[in-house]
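Participant: Starting off with a structure, shown below.
The values are calculated or read from the model by the stated rules, or taken from the named source; none is laboratory data. Here the structure is a predicted model, which is why all the values come from computation and not from measurement. With ideal geometry, Cβ positions are generated from the backbone for all residues, glycine too; neighbour counts draw on all protein chains shown. To get the accessible areas, we keep the full protein, side chains included, count just its heavy atoms, and leave off ligands, DNA and RNA. Shrake-Rupley method; radii C 1.70, N 1.55, O 1.52, S 1.80 Å.
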Amino acid sequence: MRRSLKFLSVLAALTVVAAPIPKIHAQDAEKPGLGSPAVPYVPTPEEVVMGMLELANVGRDDVVYDLGSGDGRLVITAAQKFGAKKGVGIEINSGLVNKSRENAKEAGVGDRVQFLNQDLFRSDFREATVVTLYLLPRINLELRPKLLSELRPGSRVVSHAFSMGDWQPDKRVTVDNRTAYLWIIPAQVEGAWTGTLSTQSGQSIPYRMQIKQSFQNARATAEIGGTTVSLPQIKLVGDRLSFEHRQKVNGQEMRVRVNAQVVNNSLQGTAEVLSANSTETFAMTGTRASTNQGG
């Protein structure tokens, strides 16, 4: 492996304004990328391999892709010790690909892993739920748009040693004096949303929401019933959007807690309004009216 979210006015907390998410475009088909080995082969220590797979929380439902897979040790370990249902290594060096296939057969996981002799910039890894990297800072940044655009929300990316520039990791750990970084691919939520908040009695309150995001983070303002409220922070973890907002209404401290799932151009979840002596829960639905997501 190479270095390679009884007072309806409070619910105004639902229109979002934030820093824009970077444009996401697939790599140019003519990009040389790793057409020749652009990253020297340096094996990742076994302790770090284990730490990376633990950080990604690899399990039996995962498809693990290792970009720049070297002798295949990470993909083989994912299948052999973590039970991943499939592992794929992408490697530009044909000799290392052959060695990886031999190693997989010896480890008894040849039926669950495969190694492709490909340029990783031209490879299709959309089926991956976990992607691992040990490349170089420049290569990580060049790969970033491809990772963000092709991987499904909730997929995990783990890099040994090198970060992703201004895309801050969701978590980082130190293993054997080396740093491993974890990113969870966020849903793209940028755009104009309209929806309703519904009570159990069937009452519906319309809202408007304008979202802009910066990777897995956003800050917000909201508009409903003629009231506008600022929201300091919205968090995206995969396709889950959440935030909490505090506001005084008629002198009483209220807390609004939103948890919703975003799937393509739809949103569904709950908005809870909590006070000192009551809790009211609203069903929240929404539809994206504009797909100008910064994508």
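Participant: Note down the accessible area of Arg208, probe 1.4 Å, to the nearest 10 Å².
Facilitator: Roll a 1.4 Å probe over it and Arg208 shows about 150 Å².
Participant: Sticking with this structure for a sec: What nm distance separates the two modelled labels at Glu54 and Thr228, each placed 7 Å from Cα along Cα→Cβ?
Facilitator: 5.0
Participant: Sticking with this one: Would you kindly state how much longer the chain becomes between Lys248 and Asp124 on full extension, computed as 0.36 nm times their sequence separation minus their alpha carbon distance, in nm to one decimal?
Facilitator: 39.6 nm
Participant: Using a 1.4 angstrom probe on heavy atoms only, work out the carbon and sulfur share of the accessible area of segment 189-295 in %.
Facilitator: 42
Participant: Then there's this: Which one, Asn177, Val229, Ser198, projects farthest toward the positive side of the charge dipole computed for segment 150-232 from Cβ point charges (K/R +1, D/E -1)?
Facilitator: Of the listed residues, the answer is Asn177.
Participant: Just read off the accessible area of Asp71 with the full protein assembly in place, 1.4 Å probe, to the nearest 10 Å².
Facilitator: 30
Participant: Moving on. Which parts of segment 123-146 would a label at Thr179 reach, counting a residue when its backbone N lies under 13 Å from a point 7 Å out along Cα-to-Cβ?
Facilitator: 137
Participant: How would Asp239, Asp166, Asp119 line up by accessible area, probe 1.4 Å, largest first?
Facilitator: Highest to lowest solvent-accessible surface, that is Asp166, Asp239, Asp119.
Participant: Please work out how much length the chain gains when fully extended from Gln200 to Gln261, using 0.36 nm per residue of separation minus the C-alpha to C-alpha distance, in nm with one decimal.
Facilitator: Full-extension gain reported as 20.0 nm.
Participant: Something else: Any idea how many Lys pairs in segment 62-195 come in under 19 angstrom at the alpha carbon, given 8 or more places apart or on separate chains?
Facilitator: 4
Participant: Among Gln80, Val49, Gly68, which residue has its Cα furthest toward the positive end of the charge dipole of segment 37-91, with +1 on Lys/Arg Cβ and -1 on Asp/Glu Cβ?
Facilitator: Farthest towards the positive end: Gln80.
Participant: Then there is this: If you count, for each residue, the other Cβ atoms within 10 Å and average over each peptide, how do 226-232, 240-246 line up from highest to lowest?
Facilitator: The packing order, highest mean first, is 240-246, 226-232.
Participant: Let me ask something additional. Subtract the Cα-Cα distance of Glu280 and Lys235 from 0.36 nm times their separation in residues, and report this length gain in nm to one decimal.
Facilitator: 14.0 nm
Participant: Could you report segment 134-186's accessible area per residue, 1.4 Å probe, as an integer in Å²?
Facilitator: 41
Participant: Let me ask something additional. Roughly what would the spin-label model give for Asn217 and Asn98, points 7 Å off Cα along C-beta, in nm?
Facilitator: My value for the distance between the label points is 4.9 nm.
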